Amino acid sequence: MSRAASPLRPGTLKVVGISGSPTHPSRSTALLRAALQRLTAAGASVADIEVRDLPAQALLGADWKNPEIVAALAKVAEADVVLVATPIYKAAYSGLLKSFLDLLPEEGLRGKRIVPLATGGSLAHLLALDYALKPVLGALGARQLLDAVFATDAHFDVDERLGRVPQPEVLARLDRALSPLLLKSDDFDEAVTAPQAHSVSHGVLERMSC
């Protein structure tokens, strides 16, 4: 049953975005920032984690005592909503993202609403969301997955000041994916989609084609 979305009371929803791209500028990070901007405008309290900026030795060595690692993990622990953004390489999410997810505690995503965001060279990479990213999120306790948003390289324009910019069609899909977050909390359970309902159909592929 659909519900009309409404602006949040400022600060009532804590959101963290995790960028798993090893490159800059990054299409997946641009998609994440567009999402965070929309949630900020709606009144959410927003934080972000650029995994590529975390100390490499601490990240790869699983140094949970490193202050920057501690701060990043605290952002995830405190969040109500976690946006996970990654490029798709060889039918899988980035190794950089995996190195960060490996630091999360068991069941570290339980009780949080998750929005998967991904980019790839073609629509052939779309299935990696269902077969690679969502299973690892589920293993971390994620049970409330909102609609994923996937965009190909062709879905971005280049702006001299802003870098990569998602095209309007991608932003419209992003708005639809984020809309349940603007519902009143007692309506959310009726709007959220369970992980097992997210398998990709041929119809989805057709709608997302350029």
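Less than 5 angstrom separates the built amide H of Ala151 from those of Ala118, Thr119, Gly120, all sequence-distant by 5 or more or on a different chain. Extents of segment 14-195, taken as max minus min of Cα coordinates on every principal axis and listed largest first, are 42, 41, 31 Å. Placing R0 at 25 angstrom, the Cβ-Cβ distance between Lys98 and Asp153 gives a FRET efficiency of 0.70 after rounding to 0.05. Taking a point 7 Å out from the Cα of Glu68 in the direction of its Cβ, the residues of segment 96-136 whose backbone N falls within less than 19 Å of it are 96-104. With θ taken as phi - 60° and the Karplus curve 6.51 cos²θ - 1.76 cosθ + 1.60 applied, the whole-hertz 3J(HN,Hα) list for segment 127-141 is 5, 4, 4, 6, 9, 10, 6, 4, x, 6, 5, x, 5, 8, x Hz, x standing for glycine and proline.
Overall form of segment 77-118: oblate. Here a/c, set by the Cα gyration tensor axes a ≥ b ≥ c, is 1.5 or more, and a/b is not larger than b/c.
Per-residue 3J(HN,Hα) values for segment 143-155, derived from phi via the Karplus relation 6.51 cos²θ - 1.76 cosθ + 1.60 with θ = phi - 60°, read 10, 10, 9, 7, 4, 6, 10, 10, 9, 8, 4, 6, 8 Hz in sequence order (x marks Gly and Pro).
Bridges between two residues of segment 27-178, per DSSP, are antiparallel at a rate of about 30%.
For segment 14-195, the relative contact order is 24 percent, taking Cα pairs closer than 8 Å that sit 6 or more residues apart in sequence and dividing their mean separation by the residue count. On the basis of the beta-carbon distance and an R0 of 35 Å, Leu60 and Ala172 show a calculated FRET efficiency of 0.40.
Read-outs throughout are calculated quantities, based only on the coordinates presented, and are distinct from any laboratory measurement. Computed from a predicted model, the values in this text were never measured in an experiment. Neighbour counts are summed over all protein chains in view; Cβ atoms, including those assigned to glycine, are modelled from backbone coordinates with ideal geometry.
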